[in-house]
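Read-outs throughout are calculated quantities, based only on the coordinates presented, and are distinct from any laboratory measurement. Keep in mind it's a predicted model, so treat the numbers as computed, not measured. So basically every Cβ, Gly included, is an ideal-geometry build from the backbone, and we count neighbours across all protein chains shown.
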Amino acid sequence: MKKAVLILFVIFFTIAGCRKETSGSGNNGSPANENSSPANETKIYYICTGNSATKYHRKSDCIGLNNCSKDIIPTTDVSGREKCNICF
Ligand SMILES: [Zn+2]
């Protein structure tokens, strides 16, 4: 009986240890990298390629881009454009 309890404990801690490793690295690893890397590297903004668009945006899903009649593209060159008042 004691042996069975010991085996159960070993199995329990083995499974618990594995779960901690996989969930810890999976949840904490990737979102932190996504948040930190764009801030350190060249900033990418989003612009509408329509003729009437004069602003650049921090987010591709900014509501200021909802009226864009053409394509929304990521770019690092925002010369001649103004900051969007909504997402900046
Ligand atoms: Zn915006």
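See the values below:
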quantity	calculated
Residues that are of a type in the set (G, A, S) and within 9 Å of the ligand (Cβ to nearest atom), drawn from region 40-88	G64
Residues of region 54-69 that turn out to be in a loop (DSSP other than H, G, I, E, B), over 22 Å from the mean Cα position of the chain (by Cα) and in contact (Cβ under 8 Å) with a residue 24 or more places away in the chain, as a count	1
Of all residues making up region 70-86, the number that are outside any loop (DSSP other than H, G, I, E, B) and surrounded by 11 or more Cβ atoms within 10 Å (Cβ to Cβ)	4
Residue list for region 38-58, filter: basic (K, R), surrounded by 14 or more Cβ atoms within 10 Å (Cβ to Cβ) and out of contact with any strand residue (DSSP E or B) (no Cβ under 6 Å at 6 or more places or on another chain)	R58
